[in-house]
Amino acid sequence: MSTETATPAMHQTRSASGRLELTDLVKIYEPGSDVRAVDGVSLQIEPGEFVTLLGPSGCGKTTILRTVAGFETPTSGSLTLDGKNLLRQSPSRRPVSMVFQSYALFPHMTVRENVGYGLKAAGIRTRQVNERVDEALESMSLSPYADRAPAQLSGGQQQRVALARAMVTRPEVMLFDEPLSNLDAALREHMRLEIRRLQRQLGTTALYVTHDQAEAMAMSDRVVVMNSGRIEQVGPPREIYRRPASRFVAGFVGRANFFDIQRRSADETSAEVELWGRVYTVPAHPRARETEDLTLLVRPESLKLTPESGESGPATAVVTAAVFMGDRVEYELTSGESRLLATVMDPAEDQIIPEGSQVRLDLIPERAWLLPA
Amino acid sequence: MTVGSVTAVTPGTPAAPETGGSAATLPPGRSKRRRRGGSGRRMDGITLAMLLLVIAALTLLIGLPVLNVLSEAFSEDGWAVLERFFTSPVQRGMFVNTVVLGLVTGVIGTAVAFMLAYAQARMRFPGKRIVHLLTLVPIISPPFAVAASTITLFGRSGMITEGFFGLRSDFIYGLPGLTFVLALSYLPLAYLNLLGMIRALDPAHEEAASSLGASRWRVFRTVTLPMLVPGFGGAFLLLFVEAISDLSNPLVLGGDYSVLASSAYNAIIGQYNLPGGAAYALVLMIPAVAVFIIQRYWAQRGSHISVTGKPSGKPPTTTAPAIVLPVLAGVYLFAATVVLLYGTIIVGAFVRILGVNNSFTLDNFEYVLTGNIGSEAMVHTIRMALVATPIAGVLGMLVAWLVVTKLRRGAGLLDFLGMLGIAIPGTVIGIGYLLSYSTPTTVFGVPLLPTLVGGSAAFGGAIAIVMAFCSSSTPSGQRVGIAALKQIDPSLEEASQSLGVSSAGTFRRITLPLIRPAFMAALMYAFASAMTSISAVIFLTTPNARLLTQQIHNMVERGQFGNAFAYCVVLMVIVLIAMLAIHLLTKRMRSVR
């Protein structure tokens, strides 16, 4: 980061700055090849916003992150921060700092030296560096480890050092490259909240890369779902989950049942479909009006399951697997030729349906979603 | 998945295989190596037997000779020589000369090796591959081949100094010439060391630094260089020890710059003063072992080359012209120098007297190949090198295997003992062998070994020479072996054992194939080093065990450069053929599987 942005005075006006704009980014690694790692991505990130790039490996999300950091040069397209062209600046001049998947802590420096590295590079006086490092270590509960080598810390502590090191320089934009993938599950959930809390506190713009949909949902203001170099959908977590724009998004974010279906009628926001001999009115994607052949998305928790004796629900199915997860039971069902997933939240002990039983099925129409095939 | 009209998609499908249950993946940075071969278990029989074998071998190869040098140096006659290091300015000057030569060669050689390695790893330039091969050429040639060619080109009546510039300069004789020749000759291994380390650096560290606002120069100074400290230490040690233990170059190129190694040689060969030679050897050992221990300490303190599993990003390419242009100028200058020096050797082998009578002739080769001594030396040297190569290769791998996978507490000690062979100058080994194996070896009065040194010994003294070959090339085998074994994820061996394969079977089927490239490299190096070594074995040659290097040495001393060049060409061709053969052999072994 540049020296002037490191001064506290600039920091006060943070919330107004940090608007990151990517326009038509294209990255082709091998000249002459037509394999596009990033294929025309445009994205606007507001100051202080937390945006996650979500997608399978090889979808281009890390390339975008590294382009913003300055480690990759896009083949074409533009990249600006508060209207200023970032592409002309070397990585060290960009007011951007990155948290690496491997943490990349300098093994030959102590924790304190690691955290103070960026401040020293900015030419800040030693006394001030020490003060700010102490403050950062304090806020991360790392003070007792200040003079240890990174190798002497646990994975979680190393992760916190990496965070402190990236944040202490007060960058305009923080970049995260799957920083939690090396932690165990409990610590990972804790660190999600911790990162989010710190990011809100500092008001820094954050761009976060992950392939873990739960992580994306838990942390982000907006999620960008990517597939083979292109953006599939951008939106807040709820919208991505409930109102996916494509089958890919629906399948990648959470578990899903898909029904290939034909609509009977449709207006701007809803449509009538026939399933299991019954007509349902379901919310629909605007483009659902354009075609006849559609896909109905029903999340497992939106399927209603009743024992055979209950006699409610238009369809029947056989339970092929029942998995007790504590807060819920996950069922795998066979209905005719097809396999379905259903989830029942917080079930009473005697209501768990054993494997092999016949059940009746229904769906909650207002939770379903009709999207173009 | 699509069955009928309905599909079910399982949770976040692509996520699962990548995270793979993060509990199983080691947190980076904390990758403390799990010891293989089970913890807390008692050592099994095979391991114990191997350990005893290795210890016995190292004792015979290095331990006993060094002890004998010590005791001889402190004998009455030896002490008389040792005393002079405290009293006589001549002896003190010799000690200072030796250390200065080691330091200057070490610093310059390390710096040039680093420049070459950095350019190779981080820059793009035409002829990169050729420059790489040119840098490695000195591995396959005896060092005074370079000395002879340097004298021909830059000496008193050198083709360039006198022939081109009309200078009759003695500048090259002494420290400058020695440094030039020794640094160039022993630089390849230092270069390979550093190249490996630069390539192993995780680019994320440098990216992190620059993303924190550090300029390129700052990243280089505060992150790249410090992380390479162990590499610099290793390269410096190598050059330092080789430079101070070299006794042949100072004899032909030293002028009046006298050093310990050549004085030890003169004491023994010229005056037949064994205790005096031992005393010189002892003094020679002091700086070598000191540098070795400092380097170990450094390497241990800095043993933080982090293995993070998944390297992020590709290695950065340096493009700033302010850095690239001077570095590439240096790289090409180096390559041109190698071409010039070795071109001189090859051309010199085919003409009468290079620079004086440049008419084409095959007389030099006739002298070398059909002359009695020449062809004998060739056959003897090849035979002994062929015996030593597999022994040194296997022994080095065995030490590496014990250090990395089998031993727990003693691992550091065994590694230290094995690597000590690098720190003990060849001159010391040679004198130690003279002292130890000129008479039968007995342990508490029980005869253990017959006489090994001298024309009347078994196999005409060849055994001692083979042992000396092994003592110098075992450590490099050990080092590449350790590096290769550490690359292997312990879970591979654990997987094999949990599938019901015994520990010996696992070694044969899993470990061995994985370290085969390292083993191949160790064999090649062992053969090349045996064929080109002289410092230790020059004390041990007999009429029944002649050495090519000694013949070259004699030719250079007598000023018969044409013959010396022909010898060098023959030797280099033999080494190249052997390397090719080893390469093909190991390749076939792999494809058979």
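The values are calculated or read from the model by the stated rules, or taken from the named source; none is laboratory data. Everything numeric here is computed off the predicted structure, so don't read it as measured data. Counting neighbours? That spans all protein chains shown, and the Cβs are built from the backbone with ideal geometry, glycine included. Quick note on the areas: whole protein, heavy atoms, side chains included, nothing else; ligands and nucleic acids left out. Shrake-Rupley method; radii C 1.70, N 1.55, O 1.52, S 1.80 Å.
May I ask you to list pairs of residues, at least six apart or on different chains, whose Cβ atoms are under 6 Å apart, with the first in segment A:213-229 being under 13 Å from residue A:241 (Cα atoms) and the second being assigned to a loop (DSSP other than H, G, I, E, B) and open to solvent by 10 Å² or more (accessible area, probe 1.4 Å)?
Sorted first by the residue in segment A:213-229, then by its partner, the pairs are A:222/A:236.
Tell me which residues, restricted to segment B:114-132, are in contact (Cβ under 8 Å) with a residue 40 or more places away in the chain and either surrounded by fewer than 16 Cβ atoms within 10 Å (Cβ to Cβ) or closer than 13 Å to residue B:182 by Cβ (or both).
Hits for segment B:114-132 are B:124, B:125, B:127, B:130.
Taking segment B:527-560 only, how many residues are among the hydrophobic types (A, V, I, L, M, F, W, C), over 23 Å from residue B:437 (Cβ atoms) and surrounded by fewer than 23 Cβ atoms within 10 Å (Cβ to Cβ)?
0
Which one of the conditions (1) under 13 Å from residue A:164 (Cβ atoms); (2) touching a strand residue (DSSP E or B) at 6+ places or on another chain (Cβ under 8 Å) does residue A:140 fail to meet, given that it meets all the rest?
For residue A:140, the failing item is (2).
Which of the numbered conditions does residue B:226 fail, given that it passes all the others? Conditions: (1) within 14 Å of chain A (Cβ to nearest Cβ); (2) within 21 Å of the chain's Cα centre (by Cα); (3) open to solvent by 10 Å² or more (accessible area, probe 1.4 Å).
All conditions are met except number (2).
Which one is nearest to the chain's Cα centre (by Cα), of the residues in segment A:333-346 that are open to solvent by 50 Å² or more (accessible area, probe 1.4 Å) and within 11 Å of chain B (Cβ to nearest Cβ)?
Looking only at segment A:333-346, we keep the residues that are open to solvent by 50 Å² or more (accessible area, probe 1.4 Å), and these are A:336-337, A:339, A:345-346.
Still in the running and within 11 Å of chain B (Cβ to nearest Cβ): A:336-337, A:339.
Values: A:336: 36, A:337: 34, A:339: 28 Å.
Of everything passing the filter in segment A:333-346, A:339 is nearest to the chain's Cα centre (by Cα).
Report, by residue number, each residue of segment B:166-219 that is over 30 Å from residue B:480 (Cβ atoms), open to solvent by less than 40 Å² (accessible area, probe 1.4 Å) and at pLDDT below 85.
The answer is B:169, B:172.
Which is open to solvent by 40 Å² or more (accessible area, probe 1.4 Å), closer than 23 Å to residue B:473 by Cβ and of a type outside the set (Asp, Glu), of B:426, B:412?
Of B:426, B:412, the one residue that is open to solvent by 40 Å² or more (accessible area, probe 1.4 Å), closer than 23 Å to residue B:473 by Cβ and of a type outside the set (Asp, Glu) is B:412.
Consider segment A:82-110. How many of its residues are open to solvent by less than 20 Å² (accessible area, probe 1.4 Å) and on the phi > 0 side of the Ramachandran plot?
2
Which one of these does residue A:113 not meet: (1) farther than 24 Å from residue A:158 by Cα; (2) open to solvent by 20 Å² or more (accessible area, probe 1.4 Å); (3) more than 9 Å from chain B (Cβ to nearest Cβ)?
(1)
Suppose the filter is of a type in the set (Val, Ile, Thr), surrounded by 14 or more Cβ atoms within 10 Å (Cβ to Cβ) and touching a strand residue (DSSP E or B) at 6+ places or on another chain (Cβ under 8 Å); does residue A:291 pass it?
Judged against the criteria, residue A:291 is not a match.
Away from chain B (no Cβ under 14 Å) and closer than 23 Å to residue A:249 by Cα: which single residue out of A:300, A:354, A:372 fits that description?
Result: A:372 is the single residue among A:300, A:354, A:372 that is away from chain B (no Cβ under 14 Å) and closer than 23 Å to residue A:249 by Cα.
Quick check on this structure: which one of B:179, B:105, B:135 is hydroxyl-bearing (Ser, Thr, Tyr), in a helix (DSSP H, G or I) and over 23 Å from residue B:557 (Cβ atoms)? Steps first, please.
Details: B:179 fails: over 23 Å from residue B:557 (Cβ atoms); B:105 fails: over 23 Å from residue B:557 (Cβ atoms).
None of the other options fit; the residue is B:135.
Here's a check for you: in segment A:257-277, which residue that is in contact (Cβ under 8 Å) with a residue 60 or more places away in the chain and under 21 Å from residue A:343 (Cβ atoms) is nearest to the other protein chains (Cβ to nearest Cβ)?
So, considering only residues that are in contact (Cβ under 8 Å) with a residue 60 or more places away in the chain and under 21 Å from residue A:343 (Cβ atoms), the one nearest to the other protein chains (Cβ to nearest Cβ) is A:257.
Mind listing whichever residues of segment A:27-55 are surrounded by fewer than 17 Cβ atoms within 10 Å (Cβ to Cβ) and of a type in the set (Gly, Ala, Ser)?
A:32, A:33, A:40, A:42
Collect the residues in segment A:141-155 that are more than 8 Å from chain B (Cβ to nearest Cβ) and surrounded by 19 or more Cβ atoms within 10 Å (Cβ to Cβ), keeping them in residue-number order.
A:142, A:145
Go through (1) touching a residue at least 24 places away in the same chain (Cβ under 8 Å); (2) in contact with a Lys or Arg (Cβ under 9 Å, 6 or more places away or on another chain); (3) outside any strand (DSSP E or B) for residue A:130 and report which single condition fails.
For residue A:130, the failing item is (1).
Might you check whether a residue that is of a type in the set (A, V, I, L, M, F, W, C), over 19 Å from residue B:213 (Cβ atoms) and touching a Pro at 6+ places or on another chain (Cβ under 8 Å) occurs anywhere in segment A:131-152?
yes
So residue B:270 passes all but one of these: (1) within 14 Å of another protein chain (Cβ to nearest Cβ); (2) open to solvent by 10 Å² or more (accessible area, probe 1.4 Å). Which condition number does it fail?
Condition not satisfied by residue B:270: (1).
Taking the condition of being in contact with a His (Cβ under 9 Å, 6 or more places away or on another chain) and not basic (Lys, Arg), how many residues in segment A:42-99 meet it?
Total meeting the criteria: 5.
Could you list, in sequence order, the residues of segment A:84-111 that are out of contact with any helix residue (DSSP H, G or I) (no Cβ under 7 Å at 6 or more places or on another chain) and not in a loop (DSSP other than H, G, I, E, B)?
A:84, A:85, A:93
Looking only at helices (runs of 4 or more DSSP H) that fall completely inside segment B:443-512, which ones have 3 or more residues that are under 28 Å from the mean Cα position of the chain (by Cα) and buried (at least 16 other Cβ atoms within 10 Å of the Cβ)?
B:462-487
Could you say which residue among A:355, A:349, A:274 is within 20 Å of residue A:247 (Cα to Cα) and surrounded by fewer than 16 Cβ atoms within 10 Å (Cβ to Cβ)?
Criteria check complete, one pass: A:274.
How many of the residues making up segment B:465-504 are touching a residue at least 12 places away in the same chain (Cβ under 8 Å) and over 30 Å from residue B:192 (Cα atoms)?
4
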